[in-house]
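Everything on this sheet refers to the single structure shown next.
The values are calculated or read from the model by the stated rules, or taken from the named source; none is laboratory data. This one's a predicted model, so the numbers in the text were calculated from it and none came from an experiment. Please note: Cβ atoms are built from the backbone with ideal geometry, for glycine as well, and neighbour counts cover all protein chains shown. These area figures cover heavy atoms from the full protein model, side chains too; ligands, DNA and RNA do not enter into them. Shrake-Rupley method; radii C 1.70, N 1.55, O 1.52, S 1.80 Å.
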Amino acid sequence: MEFHVSALVQLKGLPGEAFDALVKRAADLVDAPWDAQVLYPDEPEFRQTLFGDFGVLFFQVDEEAELIRIFNVTWAG
């Protein structure tokens, strides 16, 4: 799993509750990366999923590299 620089910037100031929920959801995605909503019908590797009560995580699944790239984190809490 890797975080794009834009996602790393978005983590700054994230409340502890949100960070813990993000880590838990990201760990779950390692075992089941396709257990998330498709962002673009023509590019199913781009996905989004919820974390915690107020978070949305946007990521790309790279099956060949066996890697999840997180590129956007939004927390509205």
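Here are the numbers for this structure:
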item	result
Rounded tilt (10° steps) of 16-31 against the dominant C-alpha axis of the chain	20
Reciprocal of mean inverse Cα separation for region 1-74 (Kirkwood radius, Å)	12.3
Charge sum, other residues only, whose C-beta stays under 10 Å from Gly77's C-beta, Lys/Arg counted +1 and Asp/Glu -1	-2
Local electrostatic count at Val38 - Lys and Arg +1, Asp and Glu -1, tallied over other residues with Cβ under 10 Å	-2
Computed accessible area, Arg47, all protein chains, 1.4 angstrom probe, square angstrom	30
Using a Förster distance of 25 Å, the FRET efficiency for Ser6-Gln37 (Cβ separation, nearest 0.05)	0.80
Förster radius 22 Å - calculated FRET efficiency between Glu63 and Ala27, Cβ distance, rounded to 0.05	0.75
Helical contribution to [θ] at 222 nm, DSSP H n ≥ 4, -39,500 (n - 2.57), averaged over the chain, rounded to 500	-9000 deg cm²/dmol
Highest-first arrangement of 55-64, 1-10, where packing means the average Cβ count within 10 Å	55-64, 1-10
The chain: relative contact order in percent, alpha carbon pairs under 8 Å with at least 6 residues between	36
